[in-house]
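To keep things clear, I will list the structure first and then write my remarks on it.
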Amino acid sequence: NCNASWNRGHIVGQKPPLKPREVWSIRTRLQVADAERDLALFNLAIDSKLRGCDLVTITVGDVALSGTVRDRAVIVQKKTGRPVQFEITEQTRAAVGAWIARSQLAETDFLFPSPRPGHAPHVDEAVWKDRRQVYKKTGNIRAVQLLLGHTKLESTVRYLGIEVDDALAISEQVEL
């Protein structure tokens, strides 16, 4: 049909941010699962609004000094080259501090290092699995979208390897 629009059945445009209850739900699930790394990463993503590629290059020294997590941080975005200053909330400071202590990270270490010794941080299989777990546990594609820094939901859907219609159906069935 020549009159059918190319984007029929697809969500287009900017997506609304996570609602406070959705953020709370994800945080609670991560806390219950004792997922310190994931909780620190999620909280830092919420506070900073940075893309995943920027989050994995943060060093401990970028957010903490002498074992104390700072109130504010400045990170230069890889994509734009511009600095982003953001507040680190109390609960994020607690989560990041717990992660640093548990992992025994030094100030020069990456905050979220690669699970493979000697490798630079990157969005590898473990990080991909973390995002997929957030999706599996919550059905919240927007949470994964935020964690990945995607501007389009379709990119997140492709990343997760699911169909748009299936993803929307699952999202509608999940109560947060």
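The amide H of Val84, built 1.01 Å from its N in the peptide plane, has Ile75, Val76, Gln77 as neighbours under 5 Å, considering only residues 5 or more places off or on other chains.
Here the gap between Val32 and Gln104, fully extended at 0.36 nm per residue and compared with their Cα-Cα distance, gives a gain of 23.7 nm. If I compute solvent accessible area with a 1.4 Å probe over the protein chains, what percent of it on the stretch 20-103 is carbon and sulfur? Solvent-exposed carbon and sulfur of the stretch 20-103 make up 51 percent of the total. Close amide H pairs (under 5 Å, H built 1.01 Å from N) link Glu107 with no residue at least 5 positions away or on another chain. Listed peptides 41-48, 106-113 appear in the order 41-48, 106-113 once ranked by packing, highest mean of other Cβ atoms within 10 Å at the front. If you bin all the Cα-Cα distances of the stretch 20-103 at 10 Å, starting from zero, the percentages per bin are 18, 53, 27, 2.
The values are calculated or read from the model by the stated rules, or taken from the named source; none is laboratory data. Predicted, not measured: the structure shown is a model, and the values here were computed from it. Cβ sites come from the backbone with ideal geometry, for glycine too, and all protein chains shown count toward neighbours. Ligands, DNA and RNA are stripped out before the accessible areas are found, and what is left, the full protein with its side chains, is counted by its heavy atoms. Shrake-Rupley method; radii C 1.70, N 1.55, O 1.52, S 1.80 Å.
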